[in-house]
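See below for the structure under consideration.
What follows draws every value from the coordinates through simple rules; no lab data is involved. All figures in this text were calculated on a predicted structure; none of them were measured in a lab. Positions of Cβ are generated from backbone atoms using ideal geometry, with glycine treated the same way; all protein chains shown enter the neighbour counts.
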Amino acid sequence: MEEMLSSGENLAALLKWYVDQGLDETIGEEAIDRLAPVAQQVAPEPAVAAAATPTAPTPFRPPAPSPAAAPRAPVPLESPQLVEDARTLAAACNTIDELEAAVRGFESCALKRTAKNTVFADGLPTAPVMIVGEAPGADEDRLGKPFVGVSGQLMDRMMEAIGLKRGDGFYITNILFWRPPGNRTPTLAEQAMCLAFTRRHIELVRPKLLILAGGTSAKAVLDTAEGIMRLRGKWTSVRLDDGTEIPTMPTFHPAYLLRTPASKRQSWQDMLAVDKKLKELSLSS
Ligand code: URA
């Protein structure tokens, strides 16, 4: 009995870990070998498919719907007025300095009460690439700068591998400006308040290219229910108020890569796609 309980607890802990890493959807009951010879991957005739056992894996997955096709259902917020206030404040900011001052002076987000510092951004806003992560952790809270812990160091190395240094190569921020206490999940209202400022941040920076690091960031900025496993590696765009489309690449969060090194190969593909797109954009401008 004790053994059953502890294996149940292990499973619950494993599931929680997957969700924390952004693996929040299942694709099938059984693993599919996508490298198997093509003959094995031919879709069965409908009649054959109907006769198949319910657990038989589907050989083909329909193409992932685009983020626009899978909007999030409207969510009830516990403090809609505070979110509205954040939007109004953010919209009134016409420079990044004004926005930073507005975020630093914003007292309505409960996260601010327990955080040591406001973590706004790092790097030069004139850099071609803007990265949006999730939330400051303990190191970032202590130092008041985003991505300064181990996952930030990995992010720096990945970007340097494509020739982009923090500073004039990329500018980095988060969806949340304050560390959630004990890294708890922020409430929907806390997320929505910060997101109002982050959206304006993207508008004012107008990067050539945007990278969304991790599922939380990708879902929030793209306003989609799709998980990072489906979103990563595919170009999408964020539309600014004036209609400008910013090419946007969702990718794994570096903290996930530290725990799942095998996924670094996919992240490297994403970095190469970013490098290629930047070169195309500078040729065309
Ligand atoms: N993870 C994030 O998403 N942002 C940080 O600033 C640090 C860790």
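Observations on the structure shown:
- In this structure, the pairs whose alpha-carbon distance is over 24 Å, taken from 219/264; 219/279; 234/276; 116/264; 116/219; 165/276, are 219/279; 116/264; 116/219.
- Whole-Å distance, taken between Cα centres, linking region 94-148 and region 235-276: 21 Å
- For region 135-285, the fraction of C-alpha pairs more than 29 angstrom apart is 12%.
- Packing here is the average count of other Cβ atoms within 10 Å per residue, and on that basis the peptides 174-181, 78-85, highest first, run 174-181, 78-85.
- Packing here is the average count of other Cβ atoms within 10 Å per residue, and on that basis the peptides 119-132, 259-272, 207-220, 227-240, highest first, run 207-220, 119-132, 227-240, 259-272.
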